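A quick write-up on the structure given underneath.
The values are calculated or read from the model by the stated rules, or taken from the named source; none is laboratory data. Given the structure is predicted, the values throughout are model-derived calculations rather than measurements. Here the Cβ positions follow ideal geometry from the backbone for every residue, glycine too, while neighbour counts run over all protein chains shown.
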Amino acid sequence: MNITIDLKSFRADERMALSLRAIYESYGYRPYKMSKFEEYELYSSNIDFLGDGGVLTFTDVNGKLMALKPDVTLSIVKNSKGSVGTQKVHYRENVYRRNARGGSFKEMLQSGIECIGNIGTVETVEVLLLALKSLSATECSYRLDISHIGVLSSLIGDDIAGEIKDELFTCIKRKNAGGIIEIATVNDLDIKRFEALAYAVSLNGNALDVIASLKEIPYLSACEGLNELTEIITALNSLGYKENIGIDLSVVNDMNYYRSLIFRGYIDCVPEGILFGGRYDDLVKKMGRNCGALGFAVALDRLQDLAKVNYGDDNALLVYDENMSPSEIMNAADGIRKNGYSVEITSDKEKSSGFRKVFYITQNGVTEDENA
Amino acid sequence: MLNIALPKGRLGEKVYKIFEEAGYECPSVLSNSRKLIFENEKKGVRYFWVKPSDVAIYVERGAADIGVAGKDIIEEYSPEVYELLDLNMGKCRMAVAAPKTFKDDPNRTLRAATKFKNIASKYYASQSRDIDIIELNGSIEIAPILGLSDVIVDIVETGTTLKENDLEVITEIMRISARLISNQTSYRFKNSEITALKDAVAKVIASKE
């Protein structure tokens, strides 16, 4: 039996998962399937990479402390140990963590890619291009904002650490220019440097314009990161994404792992970021492989309300008389299905609300309820 | 159209006046009706009144593009929003206060009554102090008087309430004022409107200093 699948009947997140898979595979990324569980030790030794989302643990039958994976990247990096050449993989996996607002653990569906190996400008442009194509697949207005930890480090200088650094990063994430200046004042730090940082963090707009403004900041005159950004942005602009890329230094994450590129994608119909990625060479090195790594994840769970599917447009109810045989009922239901309806069968004569069509099957055959 | 969440109450009304002066008026906002949403299509703004502690939630979740929230709420709930401007209004401080007779005994767990459990926890963690947080929703000052707690962590404006209850400030944790906050997605897709409003409001505030 041939079944025609209408993609419109899928939820937005399900449709997206299928579209993303097609996009990633057309660029040679191979599907990667992993186990739901990992040994807890993998996460406890890389807790900085995970942030404060927590890890859900349990003891396995052999007494080992296991975890429901809170992250996909760590598993892929662990398994790439010993590989040679560049690995390009894509995945669609559930992860288990608390959301940014705290609260209880949640199952979150993510789709994404990882590129581990020899990462040059071409590979970087390809990953960012795939990020842009992923956002574009939502069919909403979209924007990919790129930041560079190297640029931020040049602005901040080397002597900021500990609590002050944490406070500073909170202000950077919130674009809180006043807070950045206050930290410098309270801690007797170089005000000029922090004014430059506050200005840089508040910049937002056309990527090349922002880079031009950043280049005028004295602390960034010899910053390699800006040249790297210029090269990447110029390539993406010429591929037709000028209106969809921005530079925004407030897009930051944990500095211990991200040393260069870091990016986040937004669409106009979801009030928070939906795509998160960056370059995490240090994590790969820590796990025993001396190469580059770049990837991103799309939070599919944030897309499920994008387009409400209007259930009930093509549904029908077939109410059967209990004297009818199962095969007669099944055949009658199939007959209705052939007319394009999804058919639910029931013997409950009271159940008719919420259906576009209601049919009855009795010894006299199938009749349609004209009043339904 | 910019959706703006204002905190219900005296501070919200003062903030609206600043927005009005900045060119974003919507006169019906101050009418004595029970309406909660007011719109000036010509100016491209829609105001709505919400509970002050809820402003950050409306903005973070995108029901409002921008809003005005106290620094205490931003620090307590850490919403993922942008903090674009200090409005220099609604100034007060978050402080630890205790009865005048209080003597800290580092040998025992300190009991702290507060509405702001995250701010209190973070502050005492930075002091490496073991504390027992007693979460209350109001009349915090009464807790040490009745022996429910040793200290309180609360907002202090003039200090009159503390004085009347024989309490005094021991430590100031942070200074608080009203902030203009923005949703992260709105900041990107309505950037020119948000930036224009922020700059106009900043100008009015600077002229008053």
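Screening B:Ile119 with (1) within 12 Å of another protein chain (Cβ to nearest Cβ); (2) over 21 Å from B:Ser182 (Cβ atoms) gives one miss only, at (1).
Within 14 Å of another protein chain (Cβ to nearest Cβ) and either surrounded by fewer than 19 Cβ atoms within 10 Å (Cβ to Cβ) or under 18 Å from the mean Cα position of the chain (by Cα) (or both): is that true of A:Arg143 in this structure? Criteria met by A:Arg143. Would you pick out the residues in the stretch A:22-50 that are of a type outside the set (Asp, Glu), more than 25 Å from A:Asp166 (Cα to Cα), modelled with pLDDT under 90 and assigned to a helix (DSSP H, G or I)? A:Tyr40, the sole residue that qualifies.
Of the residues that make up the stretch B:55-66, is at least one within 14 Å of chain A (Cβ to nearest Cβ), surrounded by fewer than 16 Cβ atoms within 10 Å (Cβ to Cβ) and either part of a loop (DSSP other than H, G, I, E, B) or at pLDDT 90 or above (or both)?
So the first thing to find is which residues in the stretch B:55-66 are within 14 Å of chain A (Cβ to nearest Cβ), and the list is B:56-66.
Keeping just the survivors that are surrounded by fewer than 16 Cβ atoms within 10 Å (Cβ to Cβ) gives B:61.
Now restrict to residues that are either part of a loop (DSSP other than H, G, I, E, B) or at pLDDT 90 or above (or both): B:61.
Yes, because at least one residue in the stretch B:55-66 is within 14 Å of chain A (Cβ to nearest Cβ), surrounded by fewer than 16 Cβ atoms within 10 Å (Cβ to Cβ) and either part of a loop (DSSP other than H, G, I, E, B) or at pLDDT 90 or above (or both).
Has the stretch B:16-26 got any residue that is within 14 Å of another protein chain (Cβ to nearest Cβ) and either touching a Phe, Trp or Tyr at 6+ places or on another chain (Cβ under 7 Å) or surrounded by 22 or more Cβ atoms within 10 Å (Cβ to Cβ) (or both)? No, that holds for no residue.
Of all residues in the stretch A:158-178, none satisfies being within 14 Å of chain B (Cβ to nearest Cβ), closer than 18 Å to A:Glu243 by Cβ and among the charged types (D, E, K, R). Residues in the stretch A:260-295 that are surrounded by fewer than 18 Cβ atoms within 10 Å (Cβ to Cβ), more than 12 Å from chain B (Cβ to nearest Cβ), touching a residue at least 60 places away in the same chain (Cβ under 8 Å) and not small (Gly, Ala, Ser): 3 in all.
So which of A:Leu300, A:Leu306 is closer than 30 Å to A:Gly112 by Cβ and at pLDDT 90 or above?
A:Leu300
Once the stretch A:128-178 is narrowed to residues that are of a type in the set (A, V, I, L, M, F, W, C) and touching a Lys or Arg at 6+ places or on another chain (Cβ under 9 Å), the residue that is nearest to A:Asp282 (Cα to Cα) is A:Ile149.
With the condition kept exactly as written, say whether any residue in the stretch A:2-10 is surrounded by 14 or more Cβ atoms within 10 Å (Cβ to Cβ), in the same structural domain as A:Asn290 (by TED's automatic domain parsing) and either out of contact with any Asp or Glu (no Cβ under 8 Å at 6 or more places or on another chain) or of a type in the set (Lys, Arg) (or both). Yes, there is a match, as at least one residue in the stretch A:2-10 is surrounded by 14 or more Cβ atoms within 10 Å (Cβ to Cβ), in the same structural domain as A:Asn290 (by TED's automatic domain parsing) and either out of contact with any Asp or Glu (no Cβ under 8 Å at 6 or more places or on another chain) or of a type in the set (Lys, Arg) (or both).
Entry remark, the stretch B:162-198: residues being assigned to a helix (DSSP H, G or I) and surrounded by 13 or more Cβ atoms within 10 Å (Cβ to Cβ) number 14 in total.
Where residues in the stretch A:104-140 are among the polar types (S, T, N, Q) and under 17 Å from A:Gly225 (Cβ atoms), which of them is surrounded by the most Cβ atoms within 10 Å (Cβ to Cβ)? It would help to see each step written out before you state the result.
So in the stretch A:104-140, the residues among the polar types (S, T, N, Q) come out as A:104, A:110-111, A:118, A:121, A:124, A:134, A:136, A:138.
Still in the list and also under 17 Å from A:Gly225 (Cβ atoms): A:121, A:124.
Values: A:Thr121: 11, A:Thr124: 21.
It comes out as A:Thr124.
For the stretch B:189-204, the set of residues classified as touching a strand residue (DSSP E or B) at 6+ places or on another chain (Cβ under 7 Å), over 23 Å from B:Glu75 (Cα atoms) and not hydrophobic (A, V, I, L, M, F, W, C) consists of B:Lys190, B:Glu193, listed by residue number.
Using the structure shown, decide if A:Asn79 is at pLDDT below 85, more than 30 Å from A:Glu216 (Cβ to Cβ), not in a loop (DSSP other than H, G, I, E, B) and not acidic (Asp, Glu).
Working: at pLDDT below 85: yes; more than 30 Å from A:Glu216 (Cβ to Cβ): yes; not in a loop (DSSP other than H, G, I, E, B): yes; not acidic (Asp, Glu): yes.
Taking the combined requirement at face value, the residue satisfies it.
Do we have A:Leu144 as part of a helix (DSSP H, G or I) and either of a type outside the set (Gly, Ala, Ser) or not assigned by TED's automatic domain parsing to the domain that holds A:Leu18 (or both) here? Judged against the criteria, A:Leu144 is not a match.
Within the stretch B:164-187, the set of residues being of a type in the set (D, E, K, R) and either within 14 Å of chain A (Cβ to nearest Cβ) or over 23 Å from the mean Cα position of the chain (by Cα) (or both) comprises B:Glu164, B:Asp166, B:Glu172, B:Arg175, B:Arg179. Which of the residues that make up the stretch A:179-212 are hydrophobic (A, V, I, L, M, F, W, C), within 14 Å of another protein chain (Cβ to nearest Cβ) and either without any contact (Cβ under 8 Å) to a residue 40 or more places away in the chain or farther than 20 Å from B:Ser78 by Cβ (or both)? Matches in the stretch A:179-212: A:Ile180, A:Ile181, A:Ile183, A:Val186, A:Ala198, A:Leu203, A:Ala207, A:Val210. Screening A:Gly53 on (1) in a loop (DSSP other than H, G, I, E, B); (2) away from chain B (no Cβ under 14 Å); (3) modelled with pLDDT under 90 shows it passes everything except condition (2).
Condition first: away from chain A (no Cβ under 14 Å), touching a residue at least 60 places away in the same chain (Cβ under 8 Å) and of a type outside the set (A, V, I, L, M). Can you find one or more residues in the stretch B:188-197 that meet it?
No, that holds for no residue.
Within the stretch B:73-94, the only residue that satisfies the criterion of being part of a helix (DSSP H, G or I) and either closer than 22 Å to B:Arg46 by Cβ or away from chain A (no Cβ under 14 Å) (or both) is B:Ile73.
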